[in-house]
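Note sheet for the following structure.
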Amino acid sequence: MCFIMPGDKVEVQLIASVDKATAAPLNAGEKMEDILILHLDGGKDFFITVSGNYIPSCFGASIEALVRMHGPIREIPQDLLFEMERDPQNSMKSVEAQFQAFDIPKEIWMLVDHLFRYATKVNNLFNQGGLHTELLQIRDCLDTGVPDEMPGSVYSVAEALLIFIEALREPVIPYAYYNKCLDCANNFVLCKQVLLQIPRSHRNVFKYLTAFTRELLLYPQENKLDGKTLATLFGELFLRTPPGQENASNRRQAAQQIARKKATFVYNFIINEYDE
């Protein structure tokens, strides 16, 4: 609590923290605003509206919208971006009339391509975190298309990839298929059947990223990675717990069992090449 005496002047600086939970609705047009209460001792309260303008980012966007953006997200008119995020099925028709959608978001391709070229033999690739300043540079690079070459170390690029996947508006495996995937995790045939049911763009991302993990496993002596470690890491990212189900999985034993199922589902596709 801050006290301001009569005649005093205080300058207040506000910083809005946008995380994975708030980025998606802001990309869809939700307003960034709040109300501050200024209380005068012995007087009335003043309600001050604070608002800001959010600059859209590919972090927090949906796969469906990203595959239909042939340019950086900063170049997309905001009205079109809001429409793509709010109603992807209807906006899909108008956008596809102009050009064909990508198989996967170009941002994921850029991150993975950089790691494929420079980091397949790097030790502790996903265990050593990147630098915050470099993560911001990578975000700006993906959002603006400048510079052409990905900035930062491979560790920062690897962390940016994980953050990007975790921040997707809808997970790689959409929430609607979450329970199906857990139920069939121990049967690869059933896993493939469920994967065929998810939207094509999501399925393409899943296949692309699991293919990348198989590439990493070609160099276990150098990068010290193994299939189970990668399955555990990407299982949590691909199969995010749907909103409303978090409380049901809070018990430690239940959470561990669910985590194992997520890892098992992904592990099936890491050790087995999959093609439709």
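The values are calculated or read from the model by the stated rules, or taken from the named source; none is laboratory data. These numbers come from a predicted model, not from an experiment. Glycine also receives a Cβ, built like all others from the backbone with ideal geometry; neighbour counts cover every protein chain displayed. We work out accessible area using only protein heavy atoms, side chains counted, and drop any ligands, DNA or RNA first. Shrake-Rupley method; radii C 1.70, N 1.55, O 1.52, S 1.80 Å.
Here is a check on your reading of the model: is His132 more than 19 Å from Arg200 (Cα to Cα) and free of Cβ contacts under 8 Å to residues at least 24 places away in the same chain? When the stated conditions are applied, His132 passes them. Spot the failing condition for Tyr175; the list is (1) under 25 Å from Asn223 (Cβ atoms); (2) surrounded by fewer than 20 Cβ atoms within 10 Å (Cβ to Cβ), and only one is missed. Here Tyr175 clears every test but (1).
Within the stretch 1-33, if we keep just the residues that are touching a Leu at 6+ places or on another chain (Cβ under 9 Å) and open to solvent by 70 Å² or more (accessible area, probe 1.4 Å), the residue that is nearest to Met69 (Cα to Cα) turns out to be Lys20. Has the stretch 123-143 got any residue that is among the basic types (Lys, Arg), part of a loop (DSSP other than H, G, I, E, B), touching a helix residue (DSSP H, G or I) at 6+ places or on another chain (Cβ under 9 Å) and open to solvent by 30 Å² or more (accessible area, probe 1.4 Å)? There is no residue in the stretch 123-143 that is among the basic types (Lys, Arg), part of a loop (DSSP other than H, G, I, E, B), touching a helix residue (DSSP H, G or I) at 6+ places or on another chain (Cβ under 9 Å) and open to solvent by 30 Å² or more (accessible area, probe 1.4 Å). Listed by first and then second residue, the pairs linking a residue in the stretch 1-25 that is over 20 Å from Ile35 (Cα atoms) to a residue that is open to solvent by 70 Å² or more (accessible area, probe 1.4 Å), with Cβ atoms under 9 Å apart and 6 or more places separating them unless they lie on different chains, are Ala24/Glu30; Ala24/Arg169. Of the residues screened, Gly71 is not one that is under 22 Å from the mean Cα position of the chain (by Cα), at pLDDT 90 or above and closer than 23 Å to Asp19 by Cα.
Within the set of pairs 6+ apart or on separate chains, which have a first residue in the stretch 212-240 that is under 13 Å from Thr120 (Cα atoms) and among the hydroxyl-bearing types (Ser, Thr, Tyr), a second that is assigned to a loop (DSSP other than H, G, I, E, B) and open to solvent by 10 Å² or more (accessible area, probe 1.4 Å), and C-beta atoms under 6 Å apart? Cβ pairs passing all conditions: Tyr219/Thr120; Tyr219/Lys121.
Residues in the stretch 199-219 that are of a type in the set (A, V, I, L, M) and either surrounded by fewer than 15 Cβ atoms within 10 Å (Cβ to Cβ) or farther than 30 Å from Ala119 by Cα (or both): Leu218 alone. Within the stretch 65-81, work out how many residues are part of a helix (DSSP H, G or I), open to solvent by less than 40 Å² (accessible area, probe 1.4 Å) and closer than 16 Å to Gly29 by Cβ. Looking only at that region, the number is 3. Among the residues of the stretch 220-232, write down those that are assigned to a loop (DSSP other than H, G, I, E, B) and open to solvent by 60 Å² or more (accessible area, probe 1.4 Å). Of everything in the stretch 220-232, those that are assigned to a loop (DSSP other than H, G, I, E, B) and open to solvent by 60 Å² or more (accessible area, probe 1.4 Å) turn out to be Lys224, Asp226. Does Phe99 satisfy being open to solvent by 20 Å² or more (accessible area, probe 1.4 Å) and either modelled with pLDDT of 95 or more or on the phi > 0 side of the Ramachandran plot (or both)? No. In the stretch 243-253, is there at least one residue being touching a Gly at 6+ places or on another chain (Cβ under 8 Å) and outside any loop (DSSP other than H, G, I, E, B)? The answer is no; no qualifying residue exists.
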